[in-house]
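Peer 1: Below is a structure I'd like to ask you about.
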Amino acid sequence: MDTPESPPLDVPPELGLDAAAAADRFLIQGDHAKLWFEGRSDVLIVSFDNLATIDEGWPRAPWAWRRLQPMGHSVLGVQSHAKDWFRQPTAPQLLRGLEERGFFRRFRRIVLTGASMGGFAALNFAPLIPDARVLAFSPQSTMNKVIAPFEARFPYAVKKSNWSGMPFLDAAAAIPYIRRAVILYDPMVPEDRTHAARMAGPNVQHLRAPFTTHEAIRVVLKTGTFPLLINALVQGDRIGPDFWQAFRARRSVTKWQRALLAEAANRGQHARVIRAANAMLKLGEGLPDEELVFIRRAKRGASNALKEARKG
């Protein structure tokens, strides 16, 4: 819903594929998906919706638009009408149509990106765009139960989408045809770890980010390192130590803190919980007390557990 702080979006003019191929801005409407393009430079970022994005309704800008806009790159948003992992004919048909009309040849570097469902699509559709790179956050390789019996999340959305038959059934099959792919995920999430293992190869760089959960993209956004990752693939083919140095900021991100404390507590590592909580409280000096309550609670619980253990 629009608010005075959030003015109505300036939706591009609706065009067909022929006119869009040469346009600076366009919206292409399809039966199951839309393409929203904002031309700004000879670098193109292609972003894909995820499950949460679709709940925002329409009109909505391309996924991650608020973060991408200040970077000055051209952006093509691939927007699904449903929580279907882009298992539909429209999105690939539109991308293929733009490629056939020479649209992508106007860019010197193209990076596809998305999270979870969007990461799956970015990897799956990359072979449609010659020489494209991919930055995927916590992507699924497939939600097909035979190929990925370990995956049981998102049951309602999976049940409502089509997971039988090719093409684009398994992102692992696309990996050999991608120039370069970077996959960031939490190795402590069993499903994400197993999906990532299926999508490996000499052209793939895995970024293992413990305690970021399946919503690793949220921690990346909170640390301000999303532009750094995008630009690393705009300028080259590998994420270097600059990212990990900047990503140390995750230590102040609530989602990361909660995950670390919960994991240590679940493993009975009570002394570790206390040490981590003390470090977090020091980092949080000056923050409102309500933002630190969960840290103090975790510390108190670990202290009580240690006392009980000593009594025993």
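Peer 1: Taking just the C-alpha trace of the stretch 17-249, give me its Rg and Dmax in Å.
Peer 2: Reported Rg and Dmax, both Å: 16.3, 47.
Peer 1: Right, another one. Pop the C-beta distance of Trp58 and Ala197 into the FRET formula with R0 = 41 Å and round what comes out to the nearest 0.05.
Peer 2: 0.65
Peer 1: Here's a follow-up. Between Leu287 and Arg248, how high is the FRET efficiency from 1/(1 + (r/R0)^6) when r is the Cβ-Cβ distance and R₀ = 25 Å? Nearest 0.05.
Peer 2: 0.85
Peer 1: A further question follows. Within 10 Å, count the other beta carbons around each residue, average over each peptide in 82-93, 255-266, and list them highest first.
Peer 2: Per-residue mean Cβ counts within 10 Å order the peptides as 82-93, 255-266.
Peer 1: Need the list of lysines near Lys83 for cross-linking: C-alpha distance under 17 angstrom, and skip anything on the same chain fewer than eight residues off.
Peer 2: Excluding near neighbours in sequence, the set is Lys34, Lys159, Lys160.
Peer 1: Shifting gears a bit: State to the nearest 20 debye the size of the charge dipole of the stretch 17-249 about its Cα centre, where the only charges are +1 on K and R beta carbons and -1 on D and E beta carbons.
Peer 2: 260
Peer 1: How large is ³J(HN,Hα), in whole Hz, for each residue of the stretch 166-175 in order, when computed from phi with the Karplus curve 6.51 cos²θ - 1.76 cosθ + 1.60 and θ = phi - 60°, using x for Gly and Pro?
Peer 2: For the stretch 166-175, the Karplus curve yields 7, x, 6, 7, 9, 5, 4, 6, 7, 3 Hz.
Peer 1: Continuing with this model, one more query. With θ set to phi - 60°, apply the Karplus curve 6.51 cos²θ - 1.76 cosθ + 1.60 along the stretch 217-230 and write out the HN-Hα couplings as whole Hz, x wherever there is a Gly or Pro.
Peer 2: Using θ = phi - 60°, the values come out as 4, 5, 5, 4, 5, 5, 7, x, 9, 4, x, 4, 5, 4 Hz.
Peer 1: With a cut-off of 8 Å between alpha carbons and a minimum separation of six or more residues, what is the relative contact order of the chain in percent?
Peer 2: 12
Peer 1: Given H placed on each backbone N at 1.01 Å, which residues far from Arg180 in sequence or on other chains put an amide H within less than 5 Å of it?
Peer 2: Excluding prolines and chain starts, which carry no amide H, the hits are Val134.
Peer 1: Given H placed on each backbone N at 1.01 Å, which residues far from Ala209 in sequence or on other chains put an amide H within less than 5 Å of it?
Peer 2: Residues meeting the amide H criterion: Tyr185, Asp186.
Peer 1: Label Ala279 and Ala309 with points 7 Å out from Cα along Cα→Cβ: what is the distance between them in nm?
Peer 2: 1.8
Peer 1: Mind ordering 121-129, 283-291, 229-237, 206-214 by average Cβ neighbours within 10 Å, highest first?
Peer 2: Highest to lowest by the protection proxy: 121-129, 206-214, 229-237, 283-291.
Peer 1: Per-residue HN-Hα couplings for the stretch 70-87, Karplus 6.51 cos²θ - 1.76 cosθ + 1.60 at θ = phi - 60°, whole Hz, x for Gly and Pro?
Peer 2: Values per residue, Gly and Pro as x: x, 7, x, 7, 5, 9, 10, x, 9, 10, 8, 8, 8, 7, 10, 6, 6, 7 Hz.
Quick note: the coordinates plus some simple rules give every number you see, no bench work behind them. Keep in mind it's a predicted model, so treat the numbers as computed, not measured. All Cβ positions, glycine included, derive from the backbone under ideal geometry; neighbour counts span all protein chains shown.
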